[in-house]
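First comes the structure, then the notes that go with it.
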Amino acid sequence: MAQVEALQKMSETRAKYLKQANARMKDIRGMESDIRRRMTNAPVSVQNELDNWFVNLESYMSQAGVEIEMVEHSTEDEWAKMRQRVDSALGEAERELEMGYEILERPGSAKTRR
């Protein structure tokens, strides 16, 4: 009986973690939409720079999505070990978004950060 309770508690913990990870991913998608909306009013040079930048962002977002999915489908023993990969992928996407906003605010400045 204690073993079943332990598994249920772990499942609740994983569900809470996944809810938080999916909320971060939703925020990332919202910021991506904001940048795409704002770039329509930007100069052509900024739009071109952002088009190139979106390739990196989409890669990080895809990686984060895959990592979240892996946690969703992992065993109770595996998921805790995978948390760092999810957090890392989400963090990379969030840092990339900061660069996108920087491109919008100060065209050309993101090139010097790389």
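What follows is calculated from the coordinates using simple rules that are stated; it is not laboratory data. This structure is a prediction, so every number in the text was calculated from the model and none was measured. So basically every Cβ, Gly included, is an ideal-geometry build from the backbone, and we count neighbours across all protein chains shown.
Some values worked out for this structure:
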item: Highest-first arrangement of 59-70, 36-47, where packing means the average Cβ count within 10 Å; result: 59-70, 36-47
item: Distance in nm between pseudo-label sites at Ser62 and Ala42 (7 Å out along the Cβ direction from Cα); result: 2.1
item: Separation of the His73 and Ala23 label points, Cα + 7 Å toward Cβ, nm; result: 2.6
item: Added length on full extension, which subtracts the Cα-Cα distance from 0.36 nm per residue, Ala80 to Ala15; result: 22.2 nm
item: Protection proxy ranking of 12-19, 90-97 - average other beta-carbon atoms within 10 Å, highest first; result: 90-97, 12-19
